[in-house]
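Below you'll find the structure, written out as structure tokens, and then a few comments.
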Amino acid sequence: MLELYNTLTRKKEVFRPIDKRSKKVGMYSCGPTVYSYQHIGNMRSYISWDILKRILEFNGYNVKHVINVTDVGHLTNDSDTGEDKIERAAKKEKKKASEITNYYFKVFKEDFKKLNIIEPDFWSKATAHIKEQINLIKILEKKGYTYKTSDGIYFDTSKLEDYGKLARLKKEKLKAGKRIAIGKKKNKTDFALWKFSKKSESRQQEWNSPWGIGYPGWHIECSAMSSKYLGRQFDIHTGGQEHIPIHHTNEIAQAEAAFGKKPWVKYWLHAAWLLFKGEKISKSKGGLYTLSQLEKKGFSPLEFRYLCLTTHYRKPLNFSIEKLESAQTSYQRLKNIISEIKDKKVNKKYLEEFEETINNDLDIPSALQVLWKLVRDKKAKGKLGTIKKMDEVFGLNLLKKEKIKIPAEVKKLIKEREKLRKKKDWKKADKLRAKIKKLGYVVEDTEKRSIIRKL
Ligand code: AMP
Ligand code: ZN
């Protein structure tokens, strides 16, 4: 029985899909805003949702997964003020908006692959779904949820009895502080569905609409695109914890007002952040590391994935190079041990223990402990088959043998080192190991042999 922590109810709940008779699950994950490189904090989120998807599939579900790509409408401030992030980046880099979004999306997808994250069934770009967004705003207009200001078309949050239920926003608080700036909004929490282009801003991305030339607000894309691909009600919606009070709250408001189905989404899952020195890694503050930067420092993407798996997705993970180094060591050791196992059957007891941990709200850190216990268990039978099954969830390519081309110079040093090891001249052997590392290769010694990999 799979249990998931649902932000909507603040409880761990048994997962039961909306369509009880089939094994189909609809899942939507808020995706990247493609105006810059995605940093490793962003990637931690996608690794968490990849794990969720793999666990659902491990449990026999067939997951239809959508990730949106925000390529218009996300302003520098989540509550509809500031500049459009894409327009700003295009101006800064003196490029077409589409060049910016295509380039960063391409790099993002490459990182996805490197991290062994399964691609969604649909990548849905906001600019490719303007019609769907306009249609959804039209439905809301017809039902009386919208009003016009000098700045755009807004959603009237006071029309919804349960507005803010996901974030448990207090009604009194919402009404208080009626200092409302942009274009005379009626309530503090009202948000833009459609923004008018200003004469002063000369935008690259703008469209005609029944209300005037402009562009969609940030939240409407997710409600419009999820309903297109997953239906007007679906099972799981994921995102970062910062999405709870504004973005996801507003997605729910729009969708429940338009479609009349409650709850619009049955399970809401939110991932905790990757921190650096105690603070959220964020693009607006410079982003810190990207995956390529880690690679340049000698870490493989799957070593970063391993690090992410050592902390539960609802707990913050404080990133440091030291932590990544120790993840690297553990991951390589694990692969080395596994490379020497031959027994291909499945160990039922260990697999059951593994299943119990992953089904407990994706307790992957405990699942990794089960794996370590198995590889260290001298008496256990059926190791390789079990590890193969476990790796369907971890996605760490634990059984994959790395084929590397070793340059002659390095080969020579390795041979010399082997001789020294046979003579038990550890000091000189270590010196050669350091020399080999300088040339970009790492030597790991196991009981029976030494294993070489590229840095
Ligand atoms: P963005 O491209 O900024 O819209 O973010 C894309 C996704 O990455 C969202 O789901 C965010 O919640 C997530 N995200 C951003 N920063 C972090 C972080 N430091 N740790 C974990 N997830 C993050
Ligand atoms: Zn979203």
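The values are calculated or read from the model by the stated rules, or taken from the named source; none is laboratory data. No experiment lies behind these values; they were computed from the predicted model shown. Don't worry about glycine lacking a Cβ; one is built from the backbone with ideal geometry, like all the others, and counts go over all protein chains shown. Protein only, heavy atoms only, side chains kept; ligands, DNA and RNA dropped before computing areas. Shrake-Rupley method; radii C 1.70, N 1.55, O 1.52, S 1.80 Å.
Exactly one residue among Ala253, Ala257, Ala224 is over 21 Å from His74 (Cβ atoms) and in a helix (DSSP H, G or I), and that residue is Ala257. Filtering Glu221, Glu279, Glu251 for residues that are touching a strand residue (DSSP E or B) at 6+ places or on another chain (Cβ under 8 Å) and over 20 Å from Glu161 (Cα atoms) leaves a single hit, Glu221. No other residue among Arg54, Arg44 is within 19 Å of Pro365 (Cα to Cα) and more than 9 Å from ligand 1 (Cβ to nearest atom) apart from Arg54.
Look through the stretch 215-230, keep the residues that are under 23 Å from Tyr61 (Cα atoms) and touching an Asp or Glu at 6+ places or on another chain (Cβ under 9 Å), and return whichever of them is surrounded by the most Cβ atoms within 10 Å (Cβ to Cβ). The qualifying residue surrounded by the most Cβ atoms within 10 Å (Cβ to Cβ) is Ser226. One residue stands out in the stretch 15-41 among those that are modelled with pLDDT under 95 and of a type in the set (Val, Ile, Thr): the one that is nearest to ligand 1 (Cβ to nearest atom), namely Thr33.
The set of residues in the stretch 264-283 being in a loop (DSSP other than H, G, I, E, B) and within 16 Å of ligand 2 (Cβ to nearest atom) consists of Trp264 alone.
Take the conditions (1) among the small types (Gly, Ala, Ser); (2) under 29 Å from Leu351 (Cα atoms); (3) within 14 Å of ligand 2 (Cβ to nearest atom); Ser48 misses just one of them, which is (3). Please work out which residue is farthest from ligand 1 (Cβ to nearest atom), limiting yourself to the stretch 231-250 and to residues that are surrounded by 24 or more Cβ atoms within 10 Å (Cβ to Cβ) and part of a helix (DSSP H, G or I). Out of the qualifying residues, it is Asn250. For the stretch 284-306, the set of residues classified as touching a residue at least 60 places away in the same chain (Cβ under 8 Å), in contact with a Phe, Trp or Tyr (Cβ under 9 Å, 6 or more places away or on another chain) and either within 16 Å of ligand 2 (Cβ to nearest atom) or not in a helix (DSSP H, G or I) (or both) consists of Gly287, Leu288, Tyr289, Thr290, listed by residue number. Only helices (runs of 4 or more DSSP H) whose full extent lies in the stretch 348-455 are considered here, and none of them has at least 3 residues that are of a type in the set (Phe, Trp, Tyr) and at pLDDT below 95. Within the stretch 59-73, the set of residues being assigned to a loop (DSSP other than H, G, I, E, B) and either surrounded by fewer than 22 Cβ atoms within 10 Å (Cβ to Cβ) or away from ligand 1 (no atom under 14 Å from the Cβ) (or both) comprises Asn59, Gly60, Tyr61. Criterion applied to Ser202, Ser209 was being of a type in the set (Gly, Ala, Ser), surrounded by fewer than 24 Cβ atoms within 10 Å (Cβ to Cβ) and either on the phi < 0 side of the Ramachandran plot or touching a Pro at 6+ places or on another chain (Cβ under 7 Å) (or both), and the one residue passing it is Ser209.
When Lys64, Lys53, Lys85, Lys91 are screened for being in contact with a Gly (Cβ under 6 Å, 6 or more places away or on another chain) and charged (D, E, K, R), only Lys64 passes. The set of residues from the stretch 194-234 being touching a His at 6+ places or on another chain (Cβ under 8 Å) and either more than 14 Å from ligand 2 (Cβ to nearest atom) or of a type outside the set (Asp, Glu) (or both) comprises Trp218, His219, Cys222, Ala224, Met225, Ser226, Lys228.
Quick grid of which residues meet (1) surrounded by 19 or more Cβ atoms within 10 Å (Cβ to Cβ); (2) in contact (Cβ under 8 Å) with a residue 60 or more places away in the chain:
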| residue | (1), (2) |
| --- | --- |
| Asp361 | yes, yes |
| Leu371 | yes, no |
| Leu399 | no, yes |
| Lys423 | no, no |
| Lys428 | no, no |
| Leu439 | no, no |
| Ile451 | no, yes |
| Lys454 | no, no |
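Condition check for Thr311 on (1) open to solvent by less than 20 Å² (accessible area, probe 1.4 Å); (2) under 20 Å from the mean Cα position of the chain (by Cα); (3) hydroxyl-bearing (Ser, Thr, Tyr): one failure, at (1).
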